[in-house]
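Input: a single structure, listed below in structure tokens.
The values are calculated or read from the model by the stated rules, or taken from the named source; none is laboratory data. Because the structure is predicted, anything quoted here is derived from the model rather than measured. Positions of Cβ are backbone-derived with ideal geometry, glycine not excepted, and every protein chain shown enters the neighbour counts. Note: areas computed on protein heavy atoms with side chains; ligands, DNA, RNA excluded. Shrake-Rupley method; radii C 1.70, N 1.55, O 1.52, S 1.80 Å.
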Amino acid sequence: MKALPKIKHFFLLSLLILSLGSCTNEPAERTESTIGYQNELFKLMLNTTSQNGDPMKEQICIDFVYPFQLLVYNTNRDPVQNLTMTDDSTLFQTLMNLPLNHSISISYPIETTDSNGNIISINNDDELLISLRSCSEESVISYVSGQFCTPLNCVTKVPYLPENADNEYAGAIFYANPDNTITLRHLGNNYLGTWTVMIINQKSYININFAGINPIATYWNKSYHYLGIVGPYRKLSYSGGSRYFLQVCNEILPYQVGDFGPSGGIIAYDKGSYSDGWRYMEVAPNDLPANEWGCVTSNLMNAQFDGVGSGYQNSVAIANFHQSLNQYATNPAICSALNNGTVAAFSGLTHDFGDQRDWCLPSHDELKLIHDNLHVNGEGGFTAIPIGVQPTRERLRQNALILVPGRPFYFLKIQPMLAHVWCVIFNDREKITPPIPMI
């Protein structure tokens, strides 16, 4: 009878050994909840551990705390592997190499750290999905905001793109500020508004909103899908098409009048400081083929700005007007039998020289600066009109050219009186003529 306690102790010890052994040797159970390739959580885990250099996909605001266990399941959701994740690289490679018909599950709880170093306990797939989704949106919003926000000493410019059907506001200047206010400067006027980055259906959008009821608000107030950097431009799309933005920054090196400038042209004017996207006015050093001003019967109010810095806006207005005519380039007779279909402003805006594509006709005051600062000093290589030769209507039609060294004698500008022009003549006797009739 005294032997019974020994048997009992042996029996209890055996049960304990059996119990301990079952924890390590029992196979994992089948599960109905796994994470596959098409699962949002799977994609977010890839983005969190990826190091492919794409800020639109990488998430930098959360990190996994290692190690933790990952179970792999086959098509029937039977467990086939139990893997230990030791770092981001191991987890990323495991996910990338997972067969298409397999899936995974995570052995919870696990821990993550946020961008402030705080430890967060995650207990299930739903909690992890919420955490990674929030991080993904935060990362993308931060990245897109940094892309669209105008850096210090820079401006965001609307470029003229001939392949873009909508160039109405080409030449306008944006200042997208870090406090999410935005200023648009166009034709000498400032317009105030706000900009905000949002995530909708896992896509990034930039909402632009200008105050008031006016053409600026009607044109710009939209939520744009941000498509990233395409060539030198930031590209945004909406239901009606696409819009492009170009960031232009201050050139640090100083230049003198007569030097070759940052865009490869000859410096004709230095306004002394950087503002509105420029400091130096340059004259292209290469000749272009002869072009007419354009339709001889046109009267464009938005192409009559005289001031320094307004030549680009004048050129955009001229180019846009002729683009709006029905096939003017191939059918100039829709305007006048006197025209040949060429447009000097369009040729300048689309002329590729160096890294720049925004050359333009100079305004009245800009041309006078070119005369005073370059031509009078024998710089720039401009051809003078012989003394005694006066401008005629035919000569004006033939010489309404882009101003480049060795080319035009005149700068032409349509005035309110229909089909008249002013011209500045480059010769030894600088002369500004009265308006001359074109027809």
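Say whether the condition of being within 36 Å of the chain's Cα centre (by Cα), touching a residue at least 24 places away in the same chain (Cβ under 8 Å) and loosely packed, with under 15 Cβ neighbours inside 10 Å is met by at least one residue in segment 65-86.
At the first step, the residues of segment 65-86 found to be within 36 Å of the chain's Cα centre (by Cα) are none.
No, there is no match, as no residue in segment 65-86 is within 36 Å of the chain's Cα centre (by Cα), touching a residue at least 24 places away in the same chain (Cβ under 8 Å) and loosely packed, with under 15 Cβ neighbours inside 10 Å.
A quick yes/no check of all residues on (1) closer than 27 Å to GLN323 by Cα; (2) assigned to a loop (DSSP other than H, G, I, E, B); (3) open to solvent by less than 60 Å² (accessible area, probe 1.4 Å):
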| residue | (1), (2), (3) |
| --- | --- |
| THR196 | no, no, no |
| ILE199 | no, no, yes |
| ASN209 | no, no, no |
| TYR219 | yes, no, yes |
| TYR226 | no, no, yes |
| SER237 | yes, no, yes |
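The conditions of being assigned to a loop (DSSP other than H, G, I, E, B), touching a helix residue (DSSP H, G or I) at 6+ places or on another chain (Cβ under 9 Å), of a type outside the set (S, T, N, Q) and open to solvent by 40 Å² or more (accessible area, probe 1.4 Å) are met by GLU168.
Condition check: touching a residue at least 12 places away in the same chain (Cβ under 8 Å) and open to solvent by 40 Å² or more (accessible area, probe 1.4 Å). Does ASP287 satisfy that?
yes
When we screen SER298, SER263 for residues that are over 30 Å from SER204 (Cα atoms), more than 25 Å from the chain's Cα centre (by Cα) and not in a strand (DSSP E or B), the only hit is SER298.
The residue that is surrounded by the fewest Cβ atoms within 10 Å (Cβ to Cβ), among those in segment 305-352 that are of a type in the set (Val, Ile, Thr) and part of a loop (DSSP other than H, G, I, E, B), is THR330.
I need the full set of residues from segment 26-64 which are aliphatic (A, V, I, L, M), open to solvent by 50 Å² or more (accessible area, probe 1.4 Å) and modelled with pLDDT of 90 or more, in order please. Result: no residue meets the conditions. I'd like the full set of residues that are in contact with a helix residue (DSSP H, G or I) (Cβ under 7 Å, 6 or more places away or on another chain) and either of a type in the set (Asp, Glu) or at pLDDT below 95 (or both), limited to segment 71-90. Across segment 71-90, the qualifying residue is only ASP88. When LEU361, LEU367 are checked against the criterion of being at pLDDT 75 or above, open to solvent by less than 30 Å² (accessible area, probe 1.4 Å) and part of a loop (DSSP other than H, G, I, E, B), a single residue qualifies: LEU361. The numbered conditions (1) under 19 Å from the mean Cα position of the chain (by Cα); (2) touching a residue at least 60 places away in the same chain (Cβ under 8 Å) are all true for LEU129 except (1). Filtered by the rule that a residue be without any contact (Cβ under 8 Å) to a residue 24 or more places away in the chain and open to solvent by 70 Å² or more (accessible area, probe 1.4 Å), segment 110-126 gives ASN116, ASN118, ASN123, ASP126. Restricting attention to segment 360-383, the residues being under 15 Å from TRP278 (Cβ atoms) and of a type in the set (Ser, Thr, Tyr) number 1. Within segment 171-194, the residues that satisfy the criterion of being open to solvent by less than 10 Å² (accessible area, probe 1.4 Å) and of a type in the set (A, V, I, L, M) are ALA172, ALA176, ILE182, LEU184. Against the condition farther than 30 Å from PHE245 by Cα and not aromatic (Phe, Trp, Tyr), how does ILE119 come out, does it pass? Yes: the conditions hold for ILE119.
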